[in-house]
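Below you'll find the structure, written out as structure tokens, and then a few comments.
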Amino acid sequence: MADTTEGGAVPAAGVEAGPTVRVPGAEHQRAVRLGDLTTVGTAAEGHTVLADWAHLHASGTARPKPVPGLQIDGYFPAETRLNPHHGWHHDAQFVLRLPDDWNGKLVVTAAPGIRRQYAGDRIIADGALAAGYAYAATDKGNSGPDFHTAGRRPGDALVDWSRRLSELAVAARMVVRRHYGTEPHRTYVTGISNGGYLTRIQLERHPDLYDGGVDWEGPLWRAEGPNLFTHLPAMLAHYPRYRDSGDRDAWARLIDAGLPAGSEFLWQIHHRTYWDLTQRTYRAVFDPHYPGPLLPPAGIPFGGTGEAGSDADYDYPNRPGAVHEAVARVELTGAIGKPLLSLHGTLDAFLPITLHSDRYADLVTAAGRGRLHRQYRIEGGNHVDGFCDLFPRRLRPLLPAYRTVFKALEDWVERGTNPPSSRTVAWHEGVDDGDIRTW
């Protein structure tokens, strides 16, 4: 969700592609032929931005084989200028990668957190390209720590995310058809964190664009809750007391707010990097008037309880109806129209699994779409695999499980093989999460 990563693409090397297929609706594009579309090649030649995907993968993640092909970077029309990549200072940026050895299929994704279009390069694009997929990713139309300034109405910034992903999906399918001479015979949507949320909402609102999707720990947005504002303020209010004194009442309140027991070793780094920034900036999207006229819309960093405009005191249930109506514009219903597989770590100390994944599974069932959904609770997994390097042997990387789940989606959609039933996937040392038979 929240992320302070900044930076722009370095001057790129490569062979300019010359006249090539145009991306429908794009205001600007640039194409280049590369000897390797994976991060091994794009990082070396300046066709990715490492800061976009920093800390999302564990250090032991295997490198893919080289995948030659065409990369197209560009942007769609947008009013805001929050994305600095390529020196364009223009939002609604995208990247498309078209491998020479194409498997006939397309993967579409959107950036997690407030990162930008290259955020999925290491954890999603590398595996997809190695398997022969065409790949497309968007920055969601607004990004960076000031994303909440986009739009005119409360909620606009997040509303634009879904529009930008469907815009890219339509354009990418047309690019594939023109480049390869045939439609992709399968199109999948997937993503991590905010990209997982967008995977869900795309399959609810635009199922005709896709054959299925994989949701990796997406947040749940519901006007009546759960949403970020129903648990993050409690974490901001009670964690400092627990940190400073080990107060058991504060600990109990944090557990009641949704934090999983056993994740205490993660709370300090999450307080420092996620909880505060996320609460303030996302709250500013839906409730910019909360701090008051003398305070900035994104509030005061790390404001304590009782301080003027502090987000630790934010009381979402009692905020004006207009705030709830703004959240309702982006809320999920569970009414998916195509197969969806979800995975989420049981030690996620940012988006607690009980609030954001378990409850979404309940929504899908209540909407009568349970036959289209499976949920996998990955024991020992946290929100980002980069934390596995900070806490070795205490956290389990989720990328191997994600790739297993994606393969299960392919088998379900393309071969009619039912995926494993919804379950908690136990963590046994030495077990290969890439082998679904271990599930």
(message) Can you show me the helix-derived [θ] at 222 nm for the chain, built from DSSP H runs with n ≥ 4 at -39,500 (n - 2.57) apiece and divided by the number of residues, rounded to the nearest 500.
(response) -8500 deg cm²/dmol
(request) Could you grab the relative contact order for the stretch 228-328? Cα pairs under 8 Å, six or more apart, rounded to a whole percent. (result) 31 percent
(request) Work out, in µm²/s and without decimals, the Stokes-Einstein translational diffusion coefficient of the chain at 37 °C, 0.692 mPa s, Rh from Kirkwood over C-alpha pairs. (result) 150 µm²/s
(request) Take the alpha carbon atoms of the stretch 155-224, find their center, do the same for the stretch 350-365, and report the distance between the two centers in whole angstrom. (result) 20 Å
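Rounded to the nearest 20 debye, what is the charge dipole size of the chain about its Cα centre when +1 sits on each Lys and Arg Cβ and -1 on each Asp and Glu Cβ?
820 debye
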(request) Sort the stretch 328-421 into rounded, prolate or oblate with this rule: let a ≥ b ≥ c be the square roots of the eigenvalues of the Cα gyration tensor; rounded if a/c is under 1.5, and if a/c is not under 1.5, prolate when a/b is larger than b/c, oblate otherwise. (result) oblate
(request) Would you list the P(r) distribution for the stretch 228-328, with all Cα-Cα distances sorted into 10 Å bins from 0 and each bin expressed as a whole %? (result) 16, 49, 27, 7, 0
(request) Give the Debye-formula value of log10 I(q)/I(0) at each listed q (0.09 Å⁻¹), with one equal scatterer per alpha carbon of the stretch 1-184, two decimals each. (result) -0.28
(request) Report the one residue of ILE269, TYR242, PHE286 whose Cα lies farthest in the direction of the positive end of the charge dipole of the stretch 228-328 (charges on C-beta: Lys and Arg +1, Asp and Glu -1; origin at the Cα centre). (result) ILE269
(message) Starting from 0.36 nm per residue, how many nanometres of slack lie between ALA308 and GLU79 once their C-alpha separation is accounted for?
(response) 79.2 nm
(request) Apply the Karplus parameterisation 6.51 cos²θ - 1.76 cosθ + 1.60, with θ equal to phi minus 60°, to every residue of the stretch 172-183 and state each ³J(HN,Hα) to the nearest whole Hz, in sequence, with x for glycine and proline. (result) 5, 5, 5, 4, 4, 4, 6, 6, 9, x, 7, 5
(message) Show me, for the stretch 23-34, the HN-Hα J-couplings you get by feeding each phi into the Karplus relation (A = 6.51, B = -1.76, C = 1.60, θ = phi - 60°), rounded to Hz, glycine and proline as x.
(response) 7, x, x, 6, 7, 8, 8, 9, 10, 8, 8, 10
(request) State the answer as a single residue: which of LEU390, VAL330, GLY370 lies farthest towards the positive end of the charge dipole of the stretch 294-396, with beta carbon charges of +1 for Lys and Arg and -1 for Asp and Glu, about the Cα centre. (result) GLY370
(message) For a Förster distance of 22 Å, can you work out the FRET efficiency between the beta-carbons of ARG423 and THR365, rounded to the nearest 0.05?
(response) 0.90
(message) Which one, TYR133, TYR180, TYR282, has the greatest fluctuation when you compute a Gaussian network model over the chain with C-alpha springs under 10 angstrom?
(response) TYR180
(message) Going by amide H atoms built from the backbone, whose H comes under 5 Å of the H on PHE302, apart from near neighbours?
(response) none
(request) May I ask which residue of LEU399, TRP216, TYR135 lies farthest towards the positive end of the charge dipole of the chain, with charges of +1 (Lys, Arg) and -1 (Asp, Glu) on Cβ and the Cα centre as origin? (result) TYR135
(message) With 10 angstrom as the radius, rank HIS231, HIS344 by how many other C-beta atoms surround their C-beta, starting from the fewest.
(response) HIS231, HIS344
(request) Calculate the dipole size of the stretch 228-328 relative to its Cα centre from +1 charges on Lys and Arg beta carbons and -1 charges on Asp and Glu beta carbons; express the result in debye to the nearest 20. (result) 160 debye
(message) Check which residues have an amide H placed less than 5 Å from VAL425's amide H, if you skip close sequence neighbours.
(response) ARG377, ILE378, GLU379
(request) Order by neighbour count: ILE72, ILE255, ILE378, fewest other Cβ atoms within 10 Å first, most last. (result) ILE255, ILE72, ILE378
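We did not get these values from a lab; they are worked out from the coordinates using the rules stated. What you see is a predicted model, and the numbers here were worked out from it, not measured in a lab. Cβ atoms come from the backbone with ideal geometry, glycine included; neighbour counts cover every protein chain shown.
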